[in-house]
Amino acid sequence: MGHYYYVSKHSGYNDNHVVHAAGCKYLPPLDARMFLGTFYTANAAILQARKYYASALGCESCCPLPIKKNLNNQNSVALKHTA
Ligand SMILES: [Zn+2]
């Protein structure tokens, strides 16, 4: 299942429009963000944002570059259910 992603309507530092995932503490207020859609990766959301804003970038807090692959969350959830 993917995440909801938003892009800030107002450019920030260096004239960049920042892409955020739902729940990010830096997510702009409702009237200052645009809903992009549901995406499985931050990169896909950033590509979508660039259709509107060529300078769109991922938020460093919620859109880390795709280096880490921590897909072990499902295992820990399953363990909790069997306890
Ligand atoms: Zn963010």
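The values are calculated or read from the model by the stated rules, or taken from the named source; none is laboratory data. The shown structure was predicted, so the numbers you read here are calculated from the model rather than taken from an experiment. Cβ: placed from backbone, ideal geometry, glycine included. Neighbour counts: every protein chain shown. Side chains included, ligands, DNA and RNA excluded: accessible areas come from the protein's heavy atoms. Shrake-Rupley method; radii C 1.70, N 1.55, O 1.52, S 1.80 Å.
Miscellaneous remarks
- Selection from segment 55-75 of residues that are open to solvent by 80 Å² or more (accessible area, probe 1.4 Å) and modelled with pLDDT of 75 or more: E60
- Selected residue (criterion: surrounded by the most Cβ atoms within 10 Å (Cβ to Cβ)) from residues of segment 24-33 that are more than 17 Å from I46 (Cβ to Cβ) and more than 9 Å from the ligand (Cβ to nearest atom): A32
- Residues of segment 22-39 classified as more than 23 Å from M1 (Cβ to Cβ) and part of a loop (DSSP other than H, G, I, E, B), total: 2
- Filtered residue count, segment 40-54, keeping only those that are touching a residue at least 12 places away in the same chain (Cβ under 8 Å), assigned to a loop (DSSP other than H, G, I, E, B) and either within 15 Å of the ligand (Cβ to nearest atom) or surrounded by fewer than 13 Cβ atoms within 10 Å (Cβ to Cβ) (or both): 3
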